[in-house]
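Report on one structure; see the data block that follows.
Each value in this text was obtained by applying a stated rule to the coordinates, not by laboratory testing. Treat the numbers as computed from the prediction; the structure is a model and nothing was measured. Note that each Cβ is placed from the backbone with ideal geometry, even for glycine, and that neighbours are counted across all protein chains shown.
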Amino acid sequence: MQLTPYLLFDGTCGEAVAFYQSCLGGELRLTRVKDSPASEQMQADQQEKVLNAHLKSEWMEFSASDWLVHDATPVRGNTVCMYLNGSSEAELRALFEKLSAGGEVTNPLRATFFGAYGALNDRFGVRWMFAGSFGVGK
């Protein structure tokens with residue numbers, strides 16, 4: 001299990017992570033919506049947006065993406081979240097259930113084209129995203 005910060009941008013993710021890489025160094029991996037299996041499910045104005053970016057060096061690591069929810073607006077406070085990535089389905093599911101108590105599940109933990117994914121806002125308003133390389137709910 002690993003916990004890393006996750007940043008959400010309103011269309012400027014690519015520019016932001018390139019800037020952070022120029023300042024902090026590290027290896028940057030970036031996938032745009034148009035270059036992923038999600039492209040067929042997304043609207044035309046979302047195709048150039050960043051689906052996922054990951055910047056990692058010997059001393060730091062974080063992930064980021066553009067805001068991709070059409071019916072919600074990014075506001076200060078919901079553009080930074082905690083990102084839990086795990087290899088054990090049981091461990092990840094248990095943390096998802098515990099952290100969702102009294103909160104709001106925005107994306108149930110389920111299998112996607114890139115692995116397991118789920119998201120919630122805990123009872124204190126902190127956004128959590130969960131990912132795993134295993135299939136959930138098979």
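Could you work out the local net charge near Gly25, counting Lys and Arg as +1, Asp and Glu as -1, over the other residues with Cβ closer than 11 Å to its Cβ? Could you put the intermediate results ahead of the total?
Numbers: positive: Lys56; negative: Glu27, Glu58.
So the surrounding residues net to -1.
Can you tell me the FRET efficiency between Phe19 and Glu40 if r is taken as the Cβ-Cβ distance and R0 is 25 Å, rounded to the nearest 0.05?
Working: r = 30 Å, r/R0 = 1.22.
My answer for the efficiency is 0.25.
Could you tally the net charge around Gly103, taking each other residue with its Cβ under 9 Å from the Cβ of Gly103, Lys/Arg +1 and Asp/Glu -1? Before the final figure, lay out each step's value.
On the way: positive: Arg123; negative: Glu104, Asp122.
Spelling it out: positives minus negatives among the neighbours equals -1.
Among residues other than Leu120 whose Cβ falls under 12 Å from its Cβ, what is the net charge (Lys/Arg +1, Asp/Glu -1)? Present the calculation step by step, with values, prior to reporting the outcome.
Working: positive: Lys98, Arg123, Arg127; negative: Glu97, Glu104, Asp122.
Neighbourhood net charge equals 0.
Antiparallel versus total DSSP beta bridges in segment 32-138: what percent is that, nearest 5? The partial results should precede the final answer.
Working: 17 of 22 bridges.
Roughly 75 percent of the DSSP beta bridges within segment 32-138 come out antiparallel.
Which semi-axis lengths, in whole Å and largest first, follow from the square roots of five times the eigenvalues of the Cα gyration tensor of segment 32-87?
Working: eigenvalues 101, 52, 21 Å².
Listed largest to smallest, the semi-axes of segment 32-87 are 22, 16, 10 Å.
Which entry in (1) 9.7; (2) 8.7; (3) 7.9 is this structure's computed mean projected area of the Cα convex hull in nm²?
The value matching this structure is (2).
So which chymotrypsin sites (Phe, Trp or Tyr not before Pro) in segment 29-107 end up in coil per DSSP with only 10 or fewer other C-beta atoms within 10 Å? Please report the intermediate quantities before stating the final value.
Values: sites: Trp59, Phe62, Trp67, Tyr83, Phe96; in loops: Trp59, Trp67.
Here the sparse-neighbourhood loop sites are Trp59.
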